[in-house]
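*Asks:* I have a structure I would like to understand better, so I am pasting it below and will then ask my questions one at a time.
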Amino acid sequence: MNTPASSNRTIRIFDTTLRDGEQSPGASMNLTEKMEIAQALVQLGVDIIEAGFPIASPGDFEAVREIARTVSGATICGLARCNDADIDRAWEALKAARSARIHVFLATSSIHRQFKLRMTEDEVVARAVAGVKRARGYCDDIEFSPEDAARTDLDFLCRVVEAAIDAGATTVNIPDTVGYATPNQMYRCISTLRERVPNIDKAVISVHCHDDLGLAVANSLAAVEAGAGQVECTINGIGERAGNCSLEEVVMALRTRNDYYAADTQVVSQRLVPTSRLVATITGIQVPRNKAIVGRNAFAHEAGIHQDGMLKERSTYEIMRPEDVGLERTDLVLGKHSGRAALADRVRALGYALTAEQVNQIFEKFKLLADRKKEVYDGDIAALCEDQFAEFPEEYSLTGYDIACTSGGSPRVTLRLNHGRADGEGEEKVAEVSAGDGPVDGIFLAIEQATGVTTRCRDFRVQAVTVGKDAQAEVTVELEYEGHLHRGRGVSTDSLEASAKAFLMAINRALAGSQPKLHPQRP
């Protein structure tokens, strides 16, 4: 592969965390959460935010419309299939945006044409042209995606792309929809489009790679090397099946290896870790420790030879600085004698933009935590901050519990909940159970008895927020209720209390209701 003649190019970052990322099983987000992530993406410096698929559901439409109305600093994009109803609905959601883009797509591979669309090549071209023209009647910024382009015959792909550009597409996106491509194949595909499509200079070439073979980032970088000017990606690489190209990885690869790619992005890299943490908290999809760039071990060195080299010269084993992606070198910073100003400064340094009232609420929780823990870490403070993002109706809250259990026997649990009043003055609900396979199961059964809500637990995870035997436990649960999945998260130095909080959060979400979603790939 050879670097294109153009150098020092700026690559557009098209973030689809709110659309494709939300298609990760169990990762659906409510309006408040989507707004929070959209604002974080603007602060991160992405160029385009694909806010959703407006026709998929009333909830998706409302989220795209509200983001379009209130979020500035990035182009707001909505997805639509190549049909009039989708495109009209997308524009209805987007029309208040300061900068709007309609993204239309239509499958082009022979397998999709034969088994899904049952259309000829001529019919696909005609449908694509009609879709782009209708979208162009609403706004000037139109993106066209030939779905499953990586498995589309190159001659036909060139034909469709040329027709879409003639119809008014300003960006042509080449999706590896099923993660089938290899870097050499992707490079050849983009190079062929640049060589054989006569009007290709009138549009930006984009690429959208899935990670089914673990090649999404490599394929995206190969496309950039071949001349693509936009990369579609998600925070933490979340998305359909095995996920999408990881935003943080492709951004830092371009920046760290600018000597090779001669290209960079406008992303504020110091916001990568805070944004990653926010998305992980909201979606419940935790970042693996060994995840590149934002994983907990990404800048950790345990081997003696590595530690020796780091002490002598950090560049011996670090190709990036932790500070450049938003990690702090010093983790232990606060204790029980620290004041509000110190806490507020640390919150800002960790990348959280909270109101004065939120900082005051966190300060009270921080003082309680500092009395229970000998050492308070950045991770502890981040966990307190992230609690402020969980805005939804809290019908039930935990007042307290008593539990007694013996080896081999069922636990005896007395649980007390507050119902209906956030200030603790609501109706008290008390449940007593002597059942369950261990104390956590007993607490869950008691919560179901007190709330009258019966669920099925689909996922239960516990991890330490920081280190040491007094570390806070972070519990994530996923419950199925009336055919929908609902997530909950709880943090406490008491793992049972954290479990109860997580279970209650999921119950509250279930009682608040949710809207079913239409999968955008299905006709």
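*Asks:* Is it the case that some residue within the stretch 363-385 is closer than 17 Å to Ala500 by Cβ, at pLDDT 85 or above and of a type in the set (D, E, K, R)?
*Replies:* The answer is no; no qualifying residue exists.
*Asks:* Across the stretch 252-282, what is the number of residues that are assigned to a loop (DSSP other than H, G, I, E, B) and either touching a residue at least 24 places away in the same chain (Cβ under 8 Å) or buried (at least 22 other Cβ atoms within 10 Å of the Cβ) (or both)?
*Replies:* Within the stretch 252-282, residues that are assigned to a loop (DSSP other than H, G, I, E, B) and either touching a residue at least 24 places away in the same chain (Cβ under 8 Å) or buried (at least 22 other Cβ atoms within 10 Å of the Cβ) (or both) number 5.
*Asks:* Please list, ordered by first then second residue, the pairs with beta carbon atoms under 7 Å, 6 or more apart or interchain, first in the stretch 219-243 and among the hydroxyl-bearing types (Ser, Thr, Tyr), second part of a helix (DSSP H, G or I) and crowded, with 24+ Cβ neighbours inside 10 Å.
*Replies:* From the stretch 219-243, the pairs are Ser220/Val250; Thr234/Gly21; Thr234/Leu247.
*Asks:* Where residues in the stretch 441-466 are at pLDDT below 90 and outside any strand (DSSP E or B), which of them is nearest to the chain's Cα centre (by Cα)?
*Replies:* Val465
*Asks:* I'm trying to understand the selection: among the residues of the stretch 93-136, which are part of a helix (DSSP H, G or I), of a type in the set (A, V, I, L, M, F, W, C) and either touching a helix residue (DSSP H, G or I) at 6+ places or on another chain (Cβ under 6 Å) or closer than 12 Å to Ala164 by Cβ (or both)?
*Replies:* Ala93, Leu94, Val124, Val125, Ala126, Ala128, Val129, Ala130, Val132, Ala135
*Asks:* Just to be sure I understand, how many residues within the stretch 230-245 are in a strand (DSSP E or B) and of a type outside the set (A, V, I, L, M)?
*Replies:* Count: 5.
*Asks:* Hey, can you tell me all the residues within the stretch 283-326 that are part of a loop (DSSP other than H, G, I, E, B), out of contact with any Asp or Glu (no Cβ under 9 Å at 6 or more places or on another chain), at pLDDT 70 or above and of a type outside the set (A, V, I, L, M, F, W, C)?
*Replies:* Answer for the stretch 283-326, where residues must be part of a loop (DSSP other than H, G, I, E, B), out of contact with any Asp or Glu (no Cβ under 9 Å at 6 or more places or on another chain), at pLDDT 70 or above and of a type outside the set (A, V, I, L, M, F, W, C): Pro288, Arg289, Asn290, Gly295, Arg296, Asn297, Glu318, Arg321, Gly326.
*Asks:* Would you be able to say whether some residue in the stretch 218-239 is farther than 22 Å from Val267 by Cβ and assigned by TED's automatic domain parsing to the domain that holds Gly131? Explain how you work it out, then say what you get.
*Replies:* Kept after step one, since they are farther than 22 Å from Val267 by Cβ, are these residues of the stretch 218-239: none.
No, that holds for no residue.
*Asks:* Also: Would you check if Arg456 is in contact with a Lys or Arg (Cβ under 8 Å, 6 or more places away or on another chain) and either buried (at least 18 other Cβ atoms within 10 Å of the Cβ) or in contact (Cβ under 8 Å) with a residue 24 or more places away in the chain (or both)?
*Replies:* So Arg456 does not fit the description; no.
*Asks:* Being out of contact with any Gly (no Cβ under 9 Å at 6 or more places or on another chain) and part of a helix (DSSP H, G or I) is the requirement here; does Ala222 meet it?
*Replies:* Details: out of contact with any Gly (no Cβ under 9 Å at 6 or more places or on another chain): yes; part of a helix (DSSP H, G or I): yes.
So Ala222 fits the description; yes.
*Asks:* Among the residues of the stretch 192-217 satisfying the criterion of being aliphatic (A, V, I, L, M) and farther than 17 Å from Phe14 by Cα, which is surrounded by the fewest Cβ atoms within 10 Å (Cβ to Cβ)?
*Replies:* Among residues in the stretch 192-217 that are aliphatic (A, V, I, L, M) and farther than 17 Å from Phe14 by Cα, the one surrounded by the fewest Cβ atoms within 10 Å (Cβ to Cβ) is Leu213.
*Asks:* If a residue must be surrounded by fewer than 24 Cβ atoms within 10 Å (Cβ to Cβ) and out of contact with any Gly (no Cβ under 8 Å at 6 or more places or on another chain), how many such residues does the stretch 231-251 contain?
*Replies:* Looking only at that region, the number is 1.
*Asks:* Being in contact (Cβ under 8 Å) with a residue 24 or more places away in the chain, under 19 Å from Gly227 (Cβ atoms) and of a type in the set (Lys, Arg) narrows it down to one of Arg151, Arg194, Arg136, so name that one. Walk me through it before giving the result.
*Replies:* Details: Arg151 fails: under 19 Å from Gly227 (Cβ atoms); Arg136 fails: under 19 Å from Gly227 (Cβ atoms).
Within the list Arg151, Arg194, Arg136, the selection yields Arg194.
*Asks:* Next question. When residues of the stretch 143-157 are filtered for being surrounded by fewer than 22 Cβ atoms within 10 Å (Cβ to Cβ) and in a helix (DSSP H, G or I), how many remain?
*Replies:* Residues meeting the conditions: 4.
*Asks:* Sticking with this one: When the residues of the stretch 430-440 are narrowed to those that are without any contact (Cβ under 8 Å) to a residue 24 or more places away in the chain and either closer than 17 Å to Asn418 by Cα or under 33 Å from the mean Cα position of the chain (by Cα) (or both), which ends up surrounded by the most Cβ atoms within 10 Å (Cβ to Cβ)?
*Replies:* Looking at residues that are without any contact (Cβ under 8 Å) to a residue 24 or more places away in the chain and either closer than 17 Å to Asn418 by Cα or under 33 Å from the mean Cα position of the chain (by Cα) (or both), I get Ala431.
Here is a yes/no grid of residues against (1) in the same structural domain as Glu248 (by TED's automatic domain parsing); (2) assigned to a helix (DSSP H, G or I); (3) of a type in the set (Gly, Ala, Ser); (4) within 14 Å of the chain's Cα centre (by Cα):
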{"residue": "Gln43", "(1), (2), (3), (4)": "yes, yes, no, no"}
{"residue": "Glu50", "(1), (2), (3), (4)": "yes, no, no, yes"}
{"residue": "Ala63", "(1), (2), (3), (4)": "yes, yes, yes, no"}
{"residue": "Ile67", "(1), (2), (3), (4)": "yes, yes, no, no"}
{"residue": "Trp91", "(1), (2), (3), (4)": "yes, yes, no, no"}
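The values are calculated or read from the model by the stated rules, or taken from the named source; none is laboratory data. Note that the structure is a prediction, hence the values are computed from the model and not measured. Backbone-built Cβ (ideal geometry, glycine too); neighbour counts: all protein chains shown.
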